[in-house]
Structures are given as structure tokens and as C-alpha cells.
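**Student:** One structure, as C-alpha cells, below. Some questions next.
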Amino acid sequence: MSRILSLSFFFLLVACNQPHPSAAVMVVNPPADPPETFHPAKNVILLIGDGMGLSQISAALYSNNNHLHIEQFSLIGLQKNFASDNLITDSAASATAMACGVKTYNGAIGVNQDTMPASSILEEAEAHGMATGVITTSTIVHATPAAFLAHQPERKMYQEIALDIARSGADLLIGGGKKYFNHRTIDLLDLYEELEKKNYLVSDNYQTDFKDLQYSYDKNLAFFTSNDDPVPFSKGRDYLVPAAKMAPTFLANRSQKGFFLMIEGAQIDWAGHANNFDYLIQEMLEFDEVIGEILQFAKADGETLVIVTGDHETGGLSINLGSRMNDLLPAWTTEYHTGTLIPVFAYGPGADLFSGIYDNTEIYQKMRQALQLHDRNAALEFMPAANGSN
Ligand code: MG
Ligand code: ZN
């Protein structure tokens with residue numbers, strides 16, 4: 001809304017500076033179209049490094065010969081990520097803030113402080129006929145992906161979240177947690193069957209390696225990368241980069257209207273909780289490969305906004321005196337998350353919106369603004385008031 005107001009103000013200024021009398025008409029009836037200088041994004045790709053603060057990026061950079069793909073970004077902001085009930089956020093509240101634009105309590109999945117569902121950017125994109133996808137290195141029902149696809153009062157309600165995900169309508173789902181879909185204990189539902197009825201190709205790593213998977217653009221795709229949590233990169237998990245490579249093309253072929261894609265590097269956070277520096281660097285470097293792939297797509301495409309950020313920092317990591325290039329002396333202050341501001345990197349149409357210091361809920365608003373979602377015509381069935389007016 002603030003942009004619309006400032007645009008009106010801009011036209012008012014232009015109008016006042018016009019010597020021509022017809023300029024007054026512009027004041028009464030300002031043009032509805034945005035000015036030519038604002039190019040809306042057709043697609044948005046949001047990359048979330050769970051637990052990725054500035055220290056994690058610095059550590060990966062200086063453990064990799066002073067080079068990362070993330071250095072290609074020139075537009076950088078900072079986000080404030082506190083939860084409504086705790087200055088130190090968890091991944092559920094912070095993902096809900098970015099996905100749905102609401103400040104909420106730790107543990108909340110796509111619901112506001114009063115446990116009321118709030119529509120996510122992914123659901124709104126879906127309702128506008130765009131293609132949507134989520135890829136993660138955790139289970140697909142884990143807090144970060146769940147906040148984009150589900151609405152539950154507590155993050156551990158994995159089977160309830162799985163049901164929400166199976167009914168989300170997302171075109172692409174890649175992550176672990178197979179058992180929550182086809183070995184359920186709270187009901188007798190077989191969500192493999194349900195997904196297939198909803199035009200999904202459903203497969204998993206017990207049937208095929210992701211890289212050998214045969215898929216087509218006329219079906220949605222759900223691929224489960226493990227029964228429970230996927231293993232760390234160092235133990236052989238190898239699907240994230242290939243998935244990041246295929247996903248934008250897959251989604252672009254699923255809809256003419258553009259796409260929304262969220263990719264999460266989930267185990268950066270798990271390495272932080274374990275205070276395991278080698279684990280951290282491996283996960284960070286894999287995530288940076290994803291960033292490289294996505295930027296390559298976006299640069300060729302020209303209509304894609306790419307955002308890279310974290311949800312919070314994990315471990316209170318620091319790089320201490322005595323460190324040398326490729327030989328760091330790390331130190332940790334906690335086995336939980338910390339409250340430090342988190343960097344946001346943006347590239348492509350709408351990237352300018354992401355400079356400055358702002359609340360994590362604004363990431364949702366800025367993505368909507370970049371996509372001009374408020375201008376797209378759609379009959380939204382599911383649009384709770386919890387998000388606010390924009
Ligand atoms: Mg996560
Ligand atoms: Zn964590």
C-alpha cells in the first residue's frame with residue numbers, strides 16, 4: 001500500500017511541476033498503471049538457508065578460497081526476525097512471517113498469533129494460476145517448507161501438515177518425510193493415492209534416484225527423498241542441486257502465468273545446532289551451488305526475481321583470531337538460534353524493494369509487490385483477513 005501512496009504522490013509532484021493546464025487532470029485521475037520504470041517480476045524464487053546468518057556465509061566464503069556464488073548479488077538488505085512471543089525466533093515463526101506476512105509465535109505453521117490460518121505467497125500464486133514448488137533438504141513437513149503449504153497451530157503435527165501439503169495444489173514437492181504420506185498412524189489415508197488422484201507423479205528414492213527420474217510437464221511432481229530426514233550432504237545426499245536445476249524450467253512449463261518456487265538448505269541449521277563446523281561448510285557450499293544455478297537461470301530468463309536469505313542464525317558462530325584463509329578457527333556461543341539480523345540478497349525485477357532494514361513479514365509483502373499480485377485478476381477462495389490489507 002505504501003508504494004501505491006508514494007506513486008500517487010509522485011504523480012502529484014509531476015502534475016504540480018507541469019506548466020500545461022491539462023496536468024490538473026492527472027491529479028484528479030492518476031493513471032492506474034505503475035510507471036514505466038517499475039518492471040514486475042513474472043517469477044519469484046526464494047532461497048532460504050535455515051540458520052544462515054552472516055557468520056555462516058563468511059565461514060563458507062573463507063573456507064572456499066574466498067569465492068561464493070552469493071557474491072554476485074549487489075542488492076542487499078537486512079531483516080529483523082523476532083517472533084511474537086520470543087525475541088529469538090524458531091524456524092516455524094520466521095518461515096510463517098516470510099511466507100504469510102504475519103508476526104506469530106514460535107511453533108506456528110502458517111497461522112497468526114491467534115492460530116488463525118493466513119494465506120501464503122505460494123497459495124496466492126497458486127490461486128492466480130501460477131505454478132508453485134517447494135524443495136528442501138529436510139522433510140517436506142518440517143517447519144520451513146510447511147509454512148508455505150500448511151496451516152497448523154504446532155510444528156510437530158507432521159501428519160496433519162502432510163495432509164495439508166497433499167491438498168495444497170503445489171506443482172512440485174521435493175523433500176523427505178515419505179512416512180507421513182503413506183505410513184500414517186492418525187488416519188488410514190494413503191496420501192500417495194490422494195496425490196496421484198490430483199494428477200501428481202509420485203515417486204521416491206526407494207523407487208529411483210532423483211537424477212534418473214522420468215517426469216513430464218503435464219503432471220505435478222511429488223518426489224520423496226527419504227522416509228524420514230534426508231541424510232547430510234557429506235553422507236551422500238545429492239538431489240538438491242539437480243532439483244534446483246530442473247525446477248525453474250519444470251515450473252515455467254507448468255503455467256504461462258509465472259511461478260513461485262521456494263528452495264531450502266535446511267541442514268545449515270542442523271549443523272549449527274550440532275556446533276559442527278565441517279557439517280556447516282559442506283551444507284553451505286551445496287546451498288551456494290544452488291544459488292549459482294538459480295542465478296544462471298534468472299540471468300538468462302530476465303523475468304525472475306531471486307531472493308536469498310536465512311530465517312535466523314544458528315549457533316552464535318564467530319570466526320576467531322588465528323583464522324587464516326581456508327583454515328578457520330570457529331567458535332560457537334549456543335546450540336540454539338540467536339537474534340542477529342539476517343541478510344537478504346535480491347536480484348532481478350523488483351530487487352530494489354529488498355534494500356534497507358525491515359521486518360521479516362515485509363518479505364511476503366515485497367514478493368507480492370514484485371509480482372503485482374494485487375493487480376492480477378483472480379477469484380481467491382482462500383484469503384483470510386489475518387494477513388492485513390495489502
Ligand atoms: Mg528449516
Ligand atoms: Zn534450528
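The values are calculated or read from the model by the stated rules, or taken from the named source; none is laboratory data. A quick note: this is a predicted structure, and the numbers were derived from the prediction, not measured. Note that we place each Cβ from the backbone using ideal geometry, even for glycine, and neighbour counts take in every protein chain shown. SASA here: full protein model, heavy atoms, side chains in, ligands and nucleic acids out. Shrake-Rupley method; radii C 1.70, N 1.55, O 1.52, S 1.80 Å.
**Student:** For the stretch 109-125, state whether one or more residues are within 16 Å of ligand 2 (Cβ to nearest atom), open to solvent by 40 Å² or more (accessible area, probe 1.4 Å) and outside any helix (DSSP H, G or I). Talk me through it step by step, then tell me what you get.
**Tutor:** First, the residues of the stretch 109-125 that are within 16 Å of ligand 2 (Cβ to nearest atom): 109.
Now restrict to residues that are open to solvent by 40 Å² or more (accessible area, probe 1.4 Å): none.
No: the stretch 109-125 contains no residue that is within 16 Å of ligand 2 (Cβ to nearest atom), open to solvent by 40 Å² or more (accessible area, probe 1.4 Å) and outside any helix (DSSP H, G or I).
**Student:** Checking the condition in a strand (DSSP E or B) and more than 16 Å from ligand 2 (Cβ to nearest atom), which residue from 78, 61 passes? Let's see the steps before the verdict.
**Tutor:** Working: 61 fails: in a strand (DSSP E or B).
Just one listed residue meets the conditions, 78.
**Student:** May I pose another question? For the stretch 283-316, which residues satisfy the criterion of being open to solvent by 20 Å² or more (accessible area, probe 1.4 Å) and not in a loop (DSSP other than H, G, I, E, B)?
**Tutor:** Of everything in the stretch 283-316, those that are open to solvent by 20 Å² or more (accessible area, probe 1.4 Å) and not in a loop (DSSP other than H, G, I, E, B) turn out to be 285, 289, 293, 296, 297, 299, 300, 301.
Residue by residue, here is whether (1) part of a loop (DSSP other than H, G, I, E, B); (2) open to solvent by 10 Å² or more (accessible area, probe 1.4 Å) holds:
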| site | (1), (2) |
| --- | --- |
| 229 | yes, yes |
| 250 | no, no |
| 257 | yes, yes |
| 263 | no, no |
| 271 | no, no |
| 278 | no, yes |
| 281 | no, yes |
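**Student:** Going by what's in this entry, would residue 181 be described as part of a helix (DSSP H, G or I) and open to solvent by less than 70 Å² (accessible area, probe 1.4 Å)?
**Tutor:** On the way: part of a helix (DSSP H, G or I): yes; open to solvent by less than 70 Å² (accessible area, probe 1.4 Å): yes.
Yes: the conditions hold for residue 181.
**Student:** Select from the stretch 194-209 the residues that are of a type in the set (A, V, I, L, M) and in contact (Cβ under 8 Å) with a residue 24 or more places away in the chain and list them in ascending order. Steps first, please.
**Tutor:** At the first step, the residues of the stretch 194-209 found to be of a type in the set (A, V, I, L, M) are 195, 201-202.
Correct list: 195 only.
**Student:** Filter the stretch 271-283 down to the residues that are more than 15 Å from ligand 2 (Cβ to nearest atom) and not β-branched (Val, Ile, Thr), then identify the one that is nearest to residue 333 (Cα to Cα). Before you say what the answer is, go through the steps one by one.
**Tutor:** Quick first cut of the stretch 271-283, residues more than 15 Å from ligand 2 (Cβ to nearest atom) only: 277-278, 281-282.
Narrowing further to those that are not β-branched (Val, Ile, Thr): 277-278, 282.
Working: 277: 13, 278: 17, 282: 21 Å.
Looking at the filtered set, the residue picked out is 277.
**Student:** Six or more apart or on different chains, Cβ under 7 Å: which pairs go from a residue in the stretch 244-265 that's closer than 16 Å to residue 303 by Cβ to one that's of a type in the set (Gly, Ala, Ser) and open to solvent by 10 Å² or more (accessible area, probe 1.4 Å)? Could you list them?
**Tutor:** 255/129; 257/129; 259/252
**Student:** Among the numbered conditions (1) closer than 12 Å to residue 146 by Cα; (2) part of a loop (DSSP other than H, G, I, E, B), tell me where residue 104 comes up short.
**Tutor:** (1)
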